[in-house]
Amino acid sequence: MRVLITGVTGFAGSHLAEYLLGLGGIEVHGLERWRSSPDNIQHLRGQLVLHECDLRDASSVQKVIEAVRPERIFHLAAQSYVAASWTAPTETLMTNVIGQVNLFEAVRQTGISPLIQIAGSSEEYGLVAADELPIRETTPLRPLSPYAVSKVGQDLLGYQYWMSYRLPVIRTRGFNHTGPRRGQVFAESYFAYEIAKIEQGLQEPVLKVGNLEAVRDYTDVRDMVRGYWLALERGEPGEVYNICSGEGHAIGEVLKTLLAMSTATVRLEPDPSRLRPSDVPRLQGDNTKFVTRTGWRPQIPFRDTLRDLLQYWRDKVAAHAPARR
């Protein structure tokens, strides 16, 4: 089976590639941009077939789709950092929405019909009332950031191409997922990275924080990518599924757990620059539809996920730390 992963060099993309290679019998192709960092897939070199491609360039996408003719596509490439979407809304919409249109059109023009998974986001739900929790797939979409709007656009495009052209698209709305290789711009990974630097004596024992009251539904990335695979194995084209743990964790609780894993004494300082113009107070999902359809369930306890994330940053920081005399 030939599989194509867009965003293979990213956080979830690299874990998905690792998972698929572990299944055996799958030829894994991935898209990378010339400026993409290869760090996340360095250990997979020689096992992947990589194609340089910018999803915003329709002709570039067309060439790759014609060359690979994938049987399954996992569309993970995106501008995925919510905060960056406030400063670069045009870039976010172009990359996420137009990039997906180019992918869909390339598939149609090539005349193939691969199963396509669209990696949506819980951010699509946005402003959720207390009586709408836990969030189901039928909960109204009220996006509160340019990133969230772009993911709604991707989501609805997936539905439209299924209804208009019977392109077999399955949409997933993944709630927060984390683990080793998570970018340090994301809250829990930023905390782990800073703690690792403090432990090495590379900075003062001060951690600047934003909104610690927000509640998020976390899943280990390794469970999440297994869910992506099952979405195409057992999901129904045209449908949308929440992939989540069903448990809510306040950001402050996540930080407290990470600090408890360290012997360092850290002082917290509020940082107004880390606050967003509008923030989603609580995202906690209902995974009943997905579990019923696929049998998926999260397997990795959240504490283990945070432990692995902290160890990842400890290893990275130690590897680059100046030698002590």
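The values are calculated or read from the model by the stated rules, or taken from the named source; none is laboratory data. Given the structure is predicted, the values throughout are model-derived calculations rather than measurements. Neighbour counts are summed over all protein chains in view; Cβ atoms, including those assigned to glycine, are modelled from backbone coordinates with ideal geometry.
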Name every residue in the stretch 293-313 that is aliphatic (A, V, I, L, M), part of a helix (DSSP H, G or I) and under 18 Å from the mean Cα position of the chain (by Cα), in order of residue number.
-> Leu306, Leu309
Does Thr6 satisfy being β-branched (Val, Ile, Thr) and at pLDDT below 95?
-> no
Counting only residues that are in a loop (DSSP other than H, G, I, E, B) and touching a Pro at 6+ places or on another chain (Cβ under 8 Å), the stretch 1-44 contains a total of 1
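Scan the stretch 108-119 and tell me whether some residue there is more than 25 Å from Glu71 (Cβ to Cβ) and in the same structural domain as Arg171 (by TED's automatic domain parsing).
Checked the stretch 108-119: no residue is more than 25 Å from Glu71 (Cβ to Cβ) and in the same structural domain as Arg171 (by TED's automatic domain parsing).
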Where residues in the stretch 139-182 are among the polar types (S, T, N, Q), over 16 Å from Ile243 (Cβ atoms) and without any contact (Cβ under 8 Å) to a residue 40 or more places away in the chain, which of them is surrounded by the most Cβ atoms within 10 Å (Cβ to Cβ)?
-> Gln160
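I need the full set of residues from the stretch 118-129 which are surrounded by fewer than 19 Cβ atoms within 10 Å (Cβ to Cβ) and either part of a strand (DSSP E or B) or without any contact (Cβ under 8 Å) to a residue 40 or more places away in the chain (or both), in order please.
Ala129 - this is the single residue of the stretch 118-129 that is surrounded by fewer than 19 Cβ atoms within 10 Å (Cβ to Cβ) and either part of a strand (DSSP E or B) or without any contact (Cβ under 8 Å) to a residue 40 or more places away in the chain (or both).
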The residue that is modelled with the lowest pLDDT, considering only those in the stretch 21-37 that are surrounded by 18 or more Cβ atoms within 10 Å (Cβ to Cβ) and more than 17 Å from Arg69 (Cβ to Cβ), is Ser36
Those residues of the stretch 183-198 which are touching a residue at least 60 places away in the same chain (Cβ under 8 Å) and of a type in the set (Ser, Thr, Tyr) amount to Ser189, Tyr193
Got at least one residue in the stretch 305-314 being at pLDDT 95 or above and loosely packed, with under 13 Cβ neighbours inside 10 Å?
-> no
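If you check Gln47 against the conditions, is it modelled with pLDDT of 95 or more, surrounded by fewer than 19 Cβ atoms within 10 Å (Cβ to Cβ), of a type in the set (S, T, N, Q) and part of a loop (DSSP other than H, G, I, E, B)?
Taking the combined requirement at face value, the residue satisfies it.
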Going by the structure shown, is Leu55 touching a residue at least 24 places away in the same chain (Cβ under 8 Å), closer than 20 Å to Pro168 by Cα and either of a type in the set (Ser, Thr, Tyr) or outside any strand (DSSP E or B) (or both)?
-> yes
Only unsatisfied item for Tyr147, checking (1) within 16 Å of Tyr81 (Cβ to Cβ); (2) part of a loop (DSSP other than H, G, I, E, B); (3) in contact with a Phe, Trp or Tyr (Cβ under 8 Å, 6 or more places away or on another chain), is (2)
What's the number of the condition Phe74 fails, among (1) surrounded by fewer than 17 Cβ atoms within 10 Å (Cβ to Cβ); (2) of a type outside the set (D, E, K, R); (3) not in a loop (DSSP other than H, G, I, E, B)?
-> (1)
Tell me, which residue of the stretch 92-117 that is of a type in the set (A, V, I, L, M) and not in a helix (DSSP H, G or I) is nearest to Glu32 (Cα to Cα)?
-> Ile116
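For residues that are of a type in the set (A, V, I, L, M, F, W, C) and buried (at least 24 other Cβ atoms within 10 Å of the Cβ), scanning just the stretch 5-20, find the one that is farthest from Trp229 (Cα to Cα).
Val8
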Only residues that are farther than 30 Å from Pro237 by Cβ and buried (at least 17 other Cβ atoms within 10 Å of the Cβ): list them for the stretch 290-304, please.
-> Phe302
